[in-house]
Each structure stands twice: as structure tokens, then as C-alpha cells.
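**Student:** Quick one: the structure is below, questions incoming.
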Amino acid sequence: MIGSIWDRAAHWLLDQRHATYGLALLRIGMGTMTVVVLALYLPNFSYTFGQGGRWGEALFRNSSVDEYAWPIPLIFSRDDPDSIQLAKILLLMGVATIYALGWRMRITSPVFVLMWLSFSALNPVVTNTGHYQTFRIFLIFLLFADTSRRWSLDARRRARREAEDPALGLSRWRVPRWFPVLSNNIAVLLIGYQLCVIYVTSALWKLQGTTWISGVAAYYPLQLEELTLIPWLNHLAWQVTPILFLASWLSVYGQLLFPLMLINRWTRIAGLIIVTGMHASIAVLLALPWFSLLMILGDMIFIRDRSWRALADRLRRRPLLARRSAARADDDAARPAGVSATAETARHG
């Protein structure tokens with residue numbers, strides 16, 4: 001039995017890359033998110049990351065975010081004038097755009113990671129929150145993954161050349177063919193493990209009190225004005241008592257049992273629906289869009305590549321059927337009244 005488990009694990013790790021579509025979505029989402037977040041900071045970047053941010057100097061010194069190895073702290077510096085800081089932020093936005101597009105990822109990916117880690121040390125008061133920490137962890141894990149295999153400029157270029165891509169660019173060093181596959185799949189496992197840790201830890205914290213178990217916990221955050229994005233929608237949500245109970249219980253037990261639900265295909269689908277619905281609700285009702293988006297993007301690695309391919313085939317098939325139906329309708333409209341398609345074919349045949 002142990003030998004069978006070992007063989008299955010070895011085949012999963014070494015035979016082919018997994019979650020290539022999910023990793024591509026994670027790359028696109030994280031790059032795009034970086035551009036949007038930095039654009040939102042631009043009007044007041046000096047007070048947050050520039051010379052105007054000296055108000056938080058005492059807090060900066062006590063943050064563990066500063067403890068990056070050389071040369072990460074040298075890329076962004078609090079001593080830079082605002083003009084230089086703005087130029088560096090715009091450069092980071094450019095790199096994030098290239099990252100999202102998936103262009104020259106063997107170079108772009110490590111450059112993006114180094115720049116983002118250095119940028120996050122400018123103001124840990126802002127960038128040391130939960131979703132930023134998860135963002136940094138995912139970025140580092142993605143260094144080992146083949147994120148440009150799908151939906152990228154690199155994939156387009158490789159398709160033109162009709163060449164197989166060595167995911168980490170190590171083929172010239174004659175590394176074994178299985179090594180890039182192993183590296184990609186280990187990155188998938190690390191991201192999946194991180195997501196499971198987040199979910200289970202969150203559920204265990206909730207179980208320490210009584211409000212989540214009793215089903216009333218979802219009521220209280222919906223009342224906070226600071227977390228209200230659409231007031232009338234929050235007002236409507238907390239008035240429907242069954243929804244409050246269901247949301248509270250699903251939030252606890254959906255997260256707690258999420259790792260176990262990944263074992264079977266149908267329970268995995270149910271688990272993904274639960275956590276995706278939870279994050280979508282948090283984004284809209286509690287005004288936490290970036291955290292929710294990051295978690296949803298991470299969960300996409302649990303959807304198999306064959307499911308993504310089946311969805312893509314179905315979407316391609318529908319426009320084709322629509323075009324054929326439109327062509328038949330045009331042919332019918334062009335025929336004289338009372339002449340059937342069979343008669344028309346016989347007449348021309």
C-alpha cells in the first residue's frame with residue numbers, strides 16, 4: 001500500500017505540470033492587482049511612501065518587514081526624494097503589467113518579486129496586513145512555477161516557434177526533463193498548503209468563541225460603518241435571519257473542512273463554491289476586495305486543467321454553433337417562399 005501511494009505521488013509530481021491554468025490566472029490577477037493598488041496610492045503617495053510619510057518612522061523601525069537580505073532594501077529607500085520615489089513606483093507598475101501579460105517570465109518574475117518586497121518595506125503600517133503578507137508568500141512560491149504556460153505572451157511566442165518550453169530556463173545546463181515539472185508542482189503544493197493553513201487557522205480562531213457557533217457572528221461586521229460599501233445591501237442582508245445563520249456556519253465549517261473536501265471531486269466543487277461565495281460576500285458586504293480577490297485567485301489552482309480545457313472548448317463551440325445557425329437562417333431567408341432546404345438542394349444537385 002505504501003509503495004502504491006509513493007508511485008501515485010511520484011507520477012503526480014513528475015509526469016506533467018498541474019494547475020497551469022490556475023497559475024496563469026494567479027499571475028494575471030496579482031500583476032493586475034498591483035497596478036490598480038499602486039494607481040490608487042498615486043494621488044497621495046508622498047504621505048504613504050514618500051517624504052511626507054515620516055510620521056510613521058518609529059513604527060517603521062520596529063517592523064520585521066525591514067529585515068530583507070541585500071540587495072532588496074536598496075531598490076526602494078525612504079531617503080529618496082518624492083520625484084525618484086514616484087519614478088520607481090511607475091517602474092514597478094510597468095513591471096507588474098509585464099508580469100500580468102506573461103512576457104519573459106524567467107526575468108520578469110524575479111525582478112517583480114525583488115521590487116515588490118523592497119516596496120513593501122517603505123511603509124509596513126500599510127503593507128504588513130494579512131492580504132499583503134499572503135501576496136508576498138504567493139509571489140515567492142510562483143518563482144518556482146511555470147506561470148506563463150497559459151494565456152501569456154511567452155506561450156504565444158513558444159507556439160510560433162513550436163518548441164517545448166523549459167519552464168525555468170535550465171535546459172542549457174542539461175538538467176533532467178522532470179526537474180521543471182517537479183518545480184512547478186511543488187509550487188502548486190506550497191500554494192495549496194498555504195491556503196489550507198489560512199482557512200483552518202481562521203476556522204479554529206472562530207471556534208474559540210460562541211458567536212460563530214451560535215450563528216450570529218455575521219450580523220456584527222455587517223453593522224460596521226467602516227466596512228460598509230453598499231449601505232442598503234448590508235441593511236437588507238442583516239435583516240434576513242436565515243442568511244446570517246447560514247453564512248456564520250458555512251464560514252466556520254466550510255473553512256475547517258476545506259482540506260478534507262479537496263480529496264473528492266464533488267466535495268472539492270462544493271468546497272470551492274463555499275469559499276468563493278464567502279470571499280465574494282466579504283468583498284461586497286465588508287469592503288475587502290483585495291483580500292477576497294487574492295484568495296479566490298489562489299483557489300483556482302484546485303480546478304484541474306481538464307476542467308479549464310472543457311470550459312474553453314464549450315465556449316468555443318457556442319460561437320461556432322451560433323455562426324452556423326445564423327448562416328442557415330440567412331440561407332432560409334434567401335430562398336423563395338415555400339421552397340424547402342431539401343428541394344433547394346435537389347434543384348441545385
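The values are calculated or read from the model by the stated rules, or taken from the named source; none is laboratory data. Here the structure is a predicted model, which means the values were calculated and not measured. Here the Cβ is made from the backbone with ideal geometry for all residues, glycine too, and neighbour counts use every protein chain on show.
**Student:** If a residue must be in a helix (DSSP H, G or I), under 26 Å from the mean Cα position of the chain (by Cα) and crowded, with 17+ Cβ neighbours inside 10 Å, how many such residues does the range 76-103 contain?
**Tutor:** Selection size over the range 76-103: 10.
**Student:** Same structure again: Residues to consider are 282, 301; find the one that is within 30 Å of residue 224 (Cβ to Cβ), in a helix (DSSP H, G or I) and modelled with pLDDT of 90 or more. Walk me through it before giving the result.
**Tutor:** Numbers: 301 fails: within 30 Å of residue 224 (Cβ to Cβ).
None of the other options fit; the residue is 282.
**Student:** Considering each of 144, 179 in turn, give the residue that is among the hydrophobic types (A, V, I, L, M, F, W, C), farther than 28 Å from residue 257 by Cβ and at pLDDT below 90.
**Tutor:** Details: 144 fails: at pLDDT below 90.
Of 144, 179, the one residue that is among the hydrophobic types (A, V, I, L, M, F, W, C), farther than 28 Å from residue 257 by Cβ and at pLDDT below 90 is 179.
**Student:** Could you list, in sequence order, the residues of the range 12-41 that are surrounded by fewer than 14 Cβ atoms within 10 Å (Cβ to Cβ) and not in a helix (DSSP H, G or I)?
**Tutor:** Across the range 12-41, the qualifying residues are 15, 16.
**Student:** Given the condition in contact with a Lys or Arg (Cβ under 9 Å, 6 or more places away or on another chain), closer than 30 Å to residue 15 by Cα and in a helix (DSSP H, G or I), answer yes or no: does some residue in the range 215-229 qualify?
**Tutor:** no
**Student:** Show the residue pairs meeting these rules: Cβ distance below 7 Å; 6+ apart or different chains; first residue within the range 255-269 and closer than 15 Å to residue 195 by Cα; second residue in a loop (DSSP other than H, G, I, E, B) and not acidic (Asp, Glu).
**Tutor:** Short answer, once both residue conditions are applied: 268/262.
**Student:** Still on this structure, please answer the following. Among 238, 232, 249, which is more than 23 Å from the chain's Cα centre (by Cα), in a helix (DSSP H, G or I) and at pLDDT 90 or above? Before the answer, list the steps.
**Tutor:** On the way: 238 fails: at pLDDT 90 or above; 232 fails: at pLDDT 90 or above.
Answer to the check: 249.
**Student:** Let me ask something additional. Name the one entry in 269, 296, 303 that is closer than 29 Å to residue 184 by Cβ, loosely packed, with under 15 Cβ neighbours inside 10 Å and of a type in the set (Val, Ile, Thr). Walk me through it before giving the result.
**Tutor:** Working: 296 fails: loosely packed, with under 15 Cβ neighbours inside 10 Å; 303 fails: loosely packed, with under 15 Cβ neighbours inside 10 Å.
Result: 269 is the single residue among 269, 296, 303 that is closer than 29 Å to residue 184 by Cβ, loosely packed, with under 15 Cβ neighbours inside 10 Å and of a type in the set (Val, Ile, Thr).
**Student:** Could you please find all residues in the range 229-247 being more than 13 Å from residue 282 (Cβ to Cβ), surrounded by 13 or more Cβ atoms within 10 Å (Cβ to Cβ) and not aliphatic (A, V, I, L, M)?
**Tutor:** Result: 238, 245.
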